[in-house]
Amino acid sequence: MTKNNFTRLLAVWFLASLGIFFTGILTGFYSRNFVVGLMATAGLGLINASLWPILSRLALARSVLTFGLSALILNAIVIWLLSFFTSEIAVSGWGLFFLPLNLAIINTAVSGILIVDDDASFYREVSKKMRGRAKKAEANKDKPGFIFLEIDGLSEGILRKAIENGTMPTLAEWVNSGTHKIDGWETDFSSQTGASQAGILHGNNKDIPAFRWVEKAQGNKVVSTVGVGDAPAIEARISDGNGLLATNGHAIANLYSGDAKDNIFVFSKLGRIGELYSQSWNTFSVVSYNLVHTIAYTLWEFVLEARSRYRQWRRNTLPRLRHRGRLYYFTRVVADVFLRELSTYAIIGDIIAGDKDVVYTTFMGYDEVAHHCGISDDEAFYVLGKLDRCIKRIEMAKAYAKRPYQLCVLSDHGQTNGATFKQRYGYTLVDFVQKLLPEGHRTYFDLDSNQDHFGQMVTVPLQNVKNRVSRKSKKKEDKGFDAIVLASGNVGLIYFTQWVDRVSLEDIDKAYPELMKGLSQHEGVSFAMVRSKEKGAVVMGPSGKYFLADDKVEGENPLVKFGKHAAVHLRRLDSFNCVPDILLVSMYDTEKDEVAAFEELVGSHGGLGGTQSKPFILHPSEWNLGKEEIVGAESVGMLFKREMANVLSKYGGTKQNDKDGSVPVV
């Protein structure tokens, strides 16, 4: 045993003994004899310090169903068995819960304070665990692999700010040393993960108009990109089997698989419970302090969320959400702790094993926190700092890898800040629509994404909203809906159920004479898009119209604030099968760079306006993404496949043919 390891053992033993002693006072672990109590405390501390890594590794080998808690259970059993050795010691139920937890926290704290060879020990341990996988990868030891790290919801502007203010020193070092470059790109109309990941991972995001939409052909079914029943169906529709991860790839915590055979916590594959026992999970649980860190981070995340709420209230931060809800504590933990740690350790295992050619993961924490705190809030930058440290650990794993790996960090979209539509005007979008419809008309709505859509993962998809009881009615016999109102950030979608197909502007005006005028001239709406029988798709603003078919403007151009590609995006959207009868985009203040989300989220995305459409790609400098603007997620997926092929061509692969623009299978 080295001197440092012996010092760590003594420190853990001493602090664990103190922790057990004080925890015993507060819980049910006690001794009838003071001397025996001291000896038991010291013994437990010694057992924890010396045997905990061995025992926890045995317990963690297959701990998926308990989410890693089996190691704590094993430690509780050890404590419980100790009480059988002498009648002088007793342990209650609460003691069996708090003592193992306390030991775990102490172990984490001591490791963090001493910083004694933890990283080196961890990588050596992973290397031992990955020996079997590494042997299978020996044939590819000179072939480069590719790691894509997506930071959900981070715009190029916020990334550069985080690099400049020292929040993300790892990425700053990459850029300043010249190993990587930052390129911005522009999302499609629907600036949200469902559309962007479909384009990047599968090269096809057609017919994904928003986060949620209605498919009239299926009986007015409301579809969500993260619904456990919807995500697999969406992937089946967009996939041609040749996705970004089709060749020996690994997908981790994404919406879609990219045609990877190895998936873990991928929304479109969540029905395959057996895949949770993949080799990736073994990486996550390869040594005890992975679990220990995760537990400590989880507890600390609750503290951070409570502090964030108090801090914004005390400072009167505006805009802010006044009621985030209790469930959001757990939502934040899942996004910003559990999935982050899972992705980090799984990728480290993949790099050290060297048996994956391409890996893609999504870090959801920033998007989650920015939705509720704001895109530039201190809390959001704190999350970015933690992500940077995870990226650093992933980079360090390359030193233990048997083959070279290239790292690329990107985002799928950004976010735009702003007070919500309800905060600005005192009523929701559905309230506004209901006022413009004739009395007696019933409206189904879904504007709630206050848990950042996680709740939709476990919600049974609506097969037919006509068969659901109105949320405004307590009478079960009151069935049927005339309109469906949905929200996706600052985008509103309105569907009318009495028409089987998309309803025309002329028919809307005939049935609801005040509707289009009321919607398009509201100060909280930038424009409304509908389809005319005579003139095709029409974009209607407060003082003018834009005709997409021939790019003619009548009066003031309602798209002037939204960039030169706005008409192109809307024209493509108009060709989708599930485009709403009426599409709304909220107000956009160009001076403040703010939108008014129809959801209760102060940081939002889903449509047009501001930084929500301006994500980034931080890629190896040897990649050549070209001088032209990168527009659309499908273009990003094509560029990635091309650049991977170009890198592999140096090792005997086939070089990209720039003349015909074809993209080889990687």
I'd like to know if segment 401-418 contains one or more residues that are at pLDDT below 95 and either of a type in the set (A, V, I, L, M) or not in a loop (DSSP other than H, G, I, E, B) (or both). yes
Filter segment 550-593 down to residues that are under 23 Å from Leu515 (Cα atoms) and small (Gly, Ala, Ser) and give me whichever is surrounded by the fewest Cβ atoms within 10 Å (Cβ to Cβ). Gly555
Residues in segment 357-392 that are more than 30 Å from Ala260 (Cα to Cα) and of a type in the set (A, V, I, L, M) total 2
Quick one: would you say Ile182 is surrounded by fewer than 23 Cβ atoms within 10 Å (Cβ to Cβ), closer than 30 Å to Glu395 by Cβ and touching a helix residue (DSSP H, G or I) at 6+ places or on another chain (Cβ under 9 Å)? yes
Go through segment 225-254 residue by residue and tally those that are surrounded by fewer than 17 Cβ atoms within 10 Å (Cβ to Cβ) and free of Cβ contacts under 8 Å to residues at least 40 places away in the same chain. 5
Working only within segment 155-202, note down all residues that are part of a loop (DSSP other than H, G, I, E, B) and under 17 Å from Glu379 (Cα atoms). Ser155, Asn165, Gly166, Thr167, Met168
Is it the case, given these coordinates, that Val222 is in contact (Cβ under 8 Å) with a residue 60 or more places away in the chain and under 18 Å from the mean Cα position of the chain (by Cα)? no
Identify, from the list Asp367, Asp412, Asp431, Asp388, the residue that is free of Cβ contacts under 8 Å to residues at least 40 places away in the same chain and not small (Gly, Ala, Ser). Asp431
The residue that is farthest from Leu505 (Cα to Cα), considering only those in segment 615-638 that are of a type outside the set (Gly, Ala, Ser) and crowded, with 21+ Cβ neighbours inside 10 Å, is His619
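The values are calculated or read from the model by the stated rules, or taken from the named source; none is laboratory data. Keep in mind that this is a model prediction, so the values were computed, not measured. Cβ sites come from the backbone with ideal geometry, for glycine too, and all protein chains shown count toward neighbours.
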